[in-house]
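*Asks:* Below is one structure. I have some questions about it.
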Amino acid sequence: MPEQYPESMKGTTTVGLVFAGGVILATEKRATMGYLIASKRAKKVYQIADRIGMTIAGGVGDAQQLARIITVECNLYQIRRSRAITVGAASTLLSNFLNQNRYMPYYVQLLVGGIDEHGPSVYSVDALGGATKENDIVSTGSGSPMAYGVLEDRYHADMNEDEAIELAIRSLKSAMKRDAGSGEGVHVVVITRDKFQELGEDDIKKYLAKIPV
């Protein structure tokens, strides 16, 4: 009888959403190790430049190391060129680094989003270095099928900031209901030309109150 190996279970849900004036990056806060909920306050959104953020899914150690590397690279870019890095350039730097390590890959699925001289944008970056620009919505992780169901049904191109925040939270709430790897709470970042803002717990509760159970 063949040996049965324990199933490796990992899960998360991250969302990127482009609205008229910027980008929303949102995640839930659960970190799992197999069937164990290892953390209920996992940080999955990182600021890597003045107006650029990155969400993480996959191996925590790999993702945190990449966040440190790309933050340094974005700072060096600004110092060397005397101008802020674009979202596309940050995604390309990250893509190149991942592709160079494809034989011993970082186990991650990342979103890079923000606003620059070309306007707001979000990129999806996979473990082997593939980078894809998303024009409107994107989600990663084990809860993404549920999140996509909400995003694709309710998204429209001329959403304002308030509508975009509510939709991001609504999609995460849907994923958290059905995906065992997603849960605990919501982390939302709003990026516009004027701010990189992490919403506080009180603000998130106001949005959650608008969404049916």
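The values are calculated or read from the model by the stated rules, or taken from the named source; none is laboratory data. Since we're looking at a predicted model, the values are computed, not measured. Reconstructed Cβ throughout: ideal geometry from the backbone, glycine too, with neighbour counts over all protein chains shown.
*Asks:* Just to verify a result, which residue in segment 101-131, among those that are among the small types (Gly, Ala, Ser) and surrounded by fewer than 18 Cβ atoms within 10 Å (Cβ to Cβ), is farthest from Asp50 (Cα to Cα)?
*Replies:* Only one residue tops the list, namely Gly130.
*Asks:* To continue, here is another question. How many residues are part of a strand (DSSP E or B) and on the phi < 0 side of the Ramachandran plot if we restrict to segment 115-129?
*Replies:* Final tally of qualifying residues: 8.
*Asks:* Follow-up. Which residue, of Thr55, Thr32, Thr86, Thr27, is in contact with a strand residue (DSSP E or B) (Cβ under 7 Å, 6 or more places away or on another chain) and modelled with pLDDT under 95?
*Replies:* Result: Thr32 is the single residue among Thr55, Thr32, Thr86, Thr27 that is in contact with a strand residue (DSSP E or B) (Cβ under 7 Å, 6 or more places away or on another chain) and modelled with pLDDT under 95.
*Asks:* Run Val186 past the list (1) surrounded by fewer than 21 Cβ atoms within 10 Å (Cβ to Cβ); (2) touching a residue at least 40 places away in the same chain (Cβ under 8 Å); (3) under 29 Å from Ser95 (Cα atoms) and report the number of the one that doesn't hold.
*Replies:* In the conditions (1) surrounded by fewer than 21 Cβ atoms within 10 Å (Cβ to Cβ); (2) touching a residue at least 40 places away in the same chain (Cβ under 8 Å); (3) under 29 Å from Ser95 (Cα atoms), Val186 misses (1) alone.
*Asks:* Right, here's the next one. Can you go through Ala57, Ala84, Ala90, Ala63 and tell me which one is in a strand (DSSP E or B) and surrounded by 13 or more Cβ atoms within 10 Å (Cβ to Cβ)?
*Replies:* Ala57
*Asks:* Pairs needed: first member in segment 154-171, free of Cβ contacts under 8 Å to residues at least 12 places away in the same chain and within 17 Å of Val122 (Cα to Cα); second member anywhere, among the β-branched types (Val, Ile, Thr) and outside any loop (DSSP other than H, G, I, E, B); C-beta distance under 9 Å; at least 6 residues apart or different chains.
*Replies:* Listed pairs, sorted by first residue: none to list.
*Asks:* Out of segment 132-160, which residues are buried (at least 20 other Cβ atoms within 10 Å of the Cβ) and in a strand (DSSP E or B)?
*Replies:* Matches in segment 132-160: Ile137, Val138, Ser139, Thr140.
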